[in-house]
Each structure stands twice: as C-alpha cells, then as structure tokens.
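Presented below is the structure to which this report refers.
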Amino acid sequence: MMPRIGRQIPHFEHIELSSVEAVFSGDGCFRYLLSMKFGDTLLDQGRNKTAAVIMKNPSAADEQMADATIRKVETYIYHRLNDVRWLHILNIFAYRATEPEDLNEVFLREGPMKAIGEENDHVIRSTLQECDYVILGWGNTSGIDRALYAERIYRVKQLLKEIPEQKIFCISGKMKTKNPLHGLMWGYDYTMDPAGEYMEMK
C-alpha cells in the first residue's frame, strides 16, 4: 500500500536542482537517501564540506520538490554552515509518511522492518563515512510506538559509533528536549552544538 504523502514545496533557492538525487525503494514506499548540492556562486566558492542530517522519517520530498522539513533544513545548513557544499538527508525510519501515526500503523500491522526499511542501515552507514558533519534531528516519538522508537534510536547510535564523535552535532534551541530537536523545529538563530548526551547508549 502506497503511503499518504503530503504537500510539496520548492527546494531552497541556493540548492542546485540538477544535483538533487533520491534513493527510493522499487515500490516508492521508502526513501533511503536524499542528496543535494548548494550552488557554486561567487559567494559560495569556499564550500567544500559534506553534512548529513538524520531525521525521523521521509515525507513528500524528492528530486524535483522539497517539503516543509527539507526546506527548513536546507535553509538552516546553508546559512549556519557556510563551508558545506553537499547535504545528505537520512532517516531512522525510511517509510514515507507525512503523519508519523501512519508509520506506526505500518509497524503494528507488518512489523518493524516495514517501518525501518531493509536497506536503511546500509545506506546510513555508507553515507556517514563520507561526511564532515553529522547532525541528529529525529525529534520525539510523535505517535510512534515508544519501544520501537527507543530500539531504533539505540541501533542508529550503534552505527554512529563508527564515526568520530567530534563530527556529531545537534541543534540547540531555547529549551532542552529529550531527543535531538527535529529539523522542522530548527530556528535560524539556534546553535549547532556537540551531540554530547544524545549519544549516550540508553
């Protein structure tokens, strides 16, 4: 069954649209990776780093269009990390669902792998190896089964242990959150800080 996909909006104006690539499952139900490059203007010639953002689950964004979360993340990274040229979007769950409750229904009906995606760990591991920055941004459960969420985060942290800790960051807002602040909630004046306690294995 195809997931319900929400509204699409244009990618951020400084994204080089011809560079945007998405890795989907054959049935289109899972998006494992969304990659893009910021344009090479005179103001941006010093950009040569790569960043990955790990969020909850993908929604409507693809090669042609973004969604609200992707647009927020693209804009934040461009303005706050002025050495980043390439941006990769990963998710702890690869199932495409605008409403996390839909992902939870798939998990309850068909099991955890139908929410996670069979290729997800492989894509996460291989993508992180080439990154200079890894930013955690999966947020709270938003209706997803709490045990599933905790187990999945634990597994992703295991994958993150394979890269240097000094490369791993979170976005800090005005209030402390239990999980790394979700990308949609990033304020443009929020700071990027070492992930610290978010990397503790619980």
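Observations, loosely collected:
- Straight-distance crosslink candidates among aspartates and glutamates, where the alpha carbon sits under 20 Å from LYS176 and sequence neighbours closer than 8 are dropped: ASP189, ASP193, GLU197, GLU200
- Annotation: for a label point projected 7 angstrom from Cα along Cα→Cβ of MET201, residues of the stretch 102-137 with backbone N closer than 18 Å are 125.
- Descending by average beta-carbon neighbour count within 10 Å, the peptides 20-27, 9-16, 167-174 line up as 167-174, 9-16, 20-27, the highest first.
- Atom-type composition of the exposed protein surface of the chain places 51 percent of the accessible area on carbon and sulfur (1.4 angstrom probe).
- Computed on protein heavy atoms with a 1.4 Å probe, the accessible areas place LEU87, LEU42 in the order LEU42, LEU87, largest first.
- Estimated inter-spin distance, ASN179 and ASP83, nm [label 7 Å along Cα→Cβ]: 3.0 nm
- Accessible surface computed residue by residue for the stretch 89-202, with neighbouring protein chains in place and a 1.4 Å probe, gives 50 Å² per residue.
- Listed values for the stretch 72-84 are Karplus-derived 3J(HN,Hα) couplings in whole Hz (6.51 cos²θ - 1.76 cosθ + 1.60, θ = phi - 60°), namely 5, 5, 4, 5, 4, 4, 4, 7, 9, 10, 7, 10, 8, and x replaces Gly and Pro.
- Within the straight-line cut-off of under 15 Å between alpha carbons, the aspartates and glutamates reachable from LYS56 are ASP67, GLU99, GLU101, ASP102, ASP121, ASP145, GLU151, sequence neighbours fewer than 8 places apart in one chain being disregarded.
- Take every Cα pair under 8 Å whose residues are at least 6 apart in sequence, average their separation, divide by the length of the chain, and the relative contact order is 22 percent.
- Measuring against 28 Å, Cα to Cα, the residue pairs LYS49/LYS161; LYS49/LYS157; LYS114/LYS174; LYS37/LYS161; LYS114/LYS167; LYS114/LYS157 contain LYS114/LYS174; LYS114/LYS167 as the ones spanning a longer distance.
- Accessible area per residue for the stretch 7-74, computed on protein heavy atoms with a 1.4 Å probe, is 44 Å².
- Looking at the chain alone, DSSP beta bridges between its own residues are antiparallel in about 50 percent of cases.
- Comparing LYS161, LYS72, LYS114 in a Gaussian network model of the chain where C-alpha atoms under 10 Å apart are linked, the largest mean-square fluctuation is found at LYS161.
The values are calculated or read from the model by the stated rules, or taken from the named source; none is laboratory data. Source: prediction; values computed, not measured. Please note: Cβ atoms are built from the backbone with ideal geometry, for glycine as well, and neighbour counts cover all protein chains shown. Side chains are part of the model used for accessible areas, which takes the heavy atoms of the whole protein and leaves out ligands, DNA and RNA. Shrake-Rupley method; radii C 1.70, N 1.55, O 1.52, S 1.80 Å.
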